[in-house]
Every structure is written in C-alpha cells, then in structure tokens.
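Beneath this line is the structure, given in structure tokens, with notes to follow.
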Amino acid sequence: MKHQAIVVLLLTLGWLQPSVPSKPAQEPAKVNYSTEIFHAVVEGLYDDGVSNKTLDLILRKEEGGMYTHFVRGCPTCTYVLEAMRHYRARPPFVSFKMATDTWGPGLSKGLRERLANKEMKVRLDALHTLVSRWMDKRMDRLRLNKTERADWAHEMERRSKKGMAMLGNKQDRAQAELWGDLSCPSCEGAVAGATGN
C-alpha cells in the first residue's frame with residue numbers, strides 16, 4: 001500500500017511517466033499511380049478550361065471505333081483517356097452566377113491549332129505537351145520528396161515501355177499502321193511530367 005502511494009505521488013508531481021505502449025510503425029500508403037494519372041489530367045483540363053470543341057479533337061476515333069491518339073491497352077493512355085471522357089461528360093456548375101462548366105480560359109490558339117493539324121505527329125506532340133504539363137502540376141501538388149519523385153519517374157518509365165510494346169504489337173494491325181514509328185504522347189508526357197523535364 002505504501003508503494004502504491006509513492007507511485008501516485010511521483011505521477012502527480014510528474015517525476016514518473018506512465019508507460020504507454022508504443023504504436024507499431026505505419027507503412028507508408030501505397031501510391032495508386034493509375035488514379036493519380038487520372039486526377040492529373042482531370043485537374044489539368046479544369047485548370048486550363050479546355051473546351052469540348054478542343055477536347056473532341058483529342059478524342060477523335062477511327063472508323064473501327066478506335067481512339068486515334070491513344071494506344072489501346074496502354075497502362076497510361078487508359079487513364080488519360082478515361083479522365084478526358086469523364087471531363088467531356090461534366091455537368092455545368094449550378095451554384096455560380098455565371099453559367100460555366102470549367103475554370104480556366106481554354107488552351108492557347110497555338111495548342112488548339114496543333115491539335116487540329118492534319119499531321120498526326122503534330123497532334124501527338126501537342127497532346128504530349130498537355131500531359132507533361134498536367135503531370136508536372138500534379139507532382140507539385142503532391143509535394144513529393146526526391147525519393148518519391150524518383151519512384152514516380154521509375155513507374156512512369158515502366159508503364160511507357162509496356163505501352164510502347166503494345167504499340168509495336170503487330171497483332172493489332174490497324175493501330176500499328178496508324179501509328180507507324182510514332183511514340184505514345186500519354187506515356188512520354190507522363191514520364192516528362194514525373195521527372196520534371
């Protein structure tokens with residue numbers, strides 16, 4: 001009993017600290033790269049205020065229903081394309097005085113002209129510019145440290161290799177013929193954005 005009274009007195013005076021079980025170290029949250037790519041593009045579209053008319057230039061399809069500017073099955077293109085499709089279906093904001101459905105002023109005249117160009121390479125270069133810019137902004141918003149940014153770059157490069165392998169797959173003859181020796185703007189844009197180049 002005397003021992004317990006001494007312990008209570010020491011605790012009261014703050015000379016003795018109760019033992020608290022230590023919490024197990026938490027593992028860092030796993031990054032869902034696909035979701036982050038999707039969010040990067042949606043944010044970029046809203047930030048830039050891309051019009052439906054401009055977006056339709058990017059979302060054009062070939063006769064067989066294949067999206068012209070996206071590699072079928074590519075792990076980066078898939079999420080860039082889905083972000084654009086979802087943005088295209090966006091409803092208008094109903095709580096603002098001005099009727100609007102996006103934020104920014106729209107893409108520059110030069111980018112719009114490049115996306116409308118007859119040459120596929122010019123259009124793909126414009127799409128590369130957009131994806132790179134949007135990914136870079138997303139990286140900044142995530143406030144990644146050097147190690148995390150390097151992990152991102154590594155993952156985007158891995159996805160790029162997979163996407164380019166699909167582009168070279170001669171079993172998908174229509175896609176291979178359409179693209180020729182061109183490279184995927186979504187993959188390369190995501191790599192450039194992740195590395196900050």
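Bear in mind that the values in this text are calculations on the coordinates, not laboratory data. As the structure is a computational prediction, the values presented were derived from the model and not from experiment. All Cβ positions, even for glycine, are placed from backbone atoms using ideal geometry, and neighbour counts span all protein chains on display.
Overview of results
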{"item": "Region 75-99, residues that are in a loop (DSSP other than H, G, I, E, B), in contact (Cβ under 8 Å) with a residue 12 or more places away in the chain and either of a type in the set (S, T, N, Q) or under 19 Å from Leu124 (Cβ atoms) (or both)", "result": "Pro75, Thr76"}
{"item": "Hits in region 167-197 (condition: part of a loop (DSSP other than H, G, I, E, B) and either of a type in the set (A, V, I, L, M) or touching a Phe, Trp or Tyr at 6+ places or on another chain (Cβ under 7 Å) (or both))", "result": "Leu182"}
{"item": "Region 100-113, residues that are of a type in the set (S, T, N, Q), assigned to a loop (DSSP other than H, G, I, E, B) and without any contact (Cβ under 8 Å) to a residue 24 or more places away in the chain", "result": "Ser108"}
{"item": "Failed item, numbered, when Gly106 is tested on (1) under 17 Å from Ser186 (Cβ atoms); (2) surrounded by 13 or more Cβ atoms within 10 Å (Cβ to Cβ)", "result": "(1)"}
{"item": "Residue that is farthest from Val122 (Cα to Cα) [pool: residues in region 139-197 that are touching a Gly at 6+ places or on another chain (Cβ under 7 Å) and not aliphatic (A, V, I, L, M)]", "result": "Cys187"}
{"item": "Test: Val71 is surrounded by 12 or more Cβ atoms within 10 Å (Cβ to Cβ), closer than 17 Å to Leu45 by Cα, touching a residue at least 24 places away in the same chain (Cβ under 8 Å) and among the hydrophobic types (A, V, I, L, M, F, W, C)", "result": "no"}
{"item": "Residues within region 113-143 that are over 21 Å from the mean Cα position of the chain (by Cα) and surrounded by fewer than 18 Cβ atoms within 10 Å (Cβ to Cβ), tallied", "result": "8"}
{"item": "Count of region 87-125 residues which are hydrophobic (A, V, I, L, M, F, W, C) and touching a Ser or Thr at 6+ places or on another chain (Cβ under 9 Å)", "result": "7"}
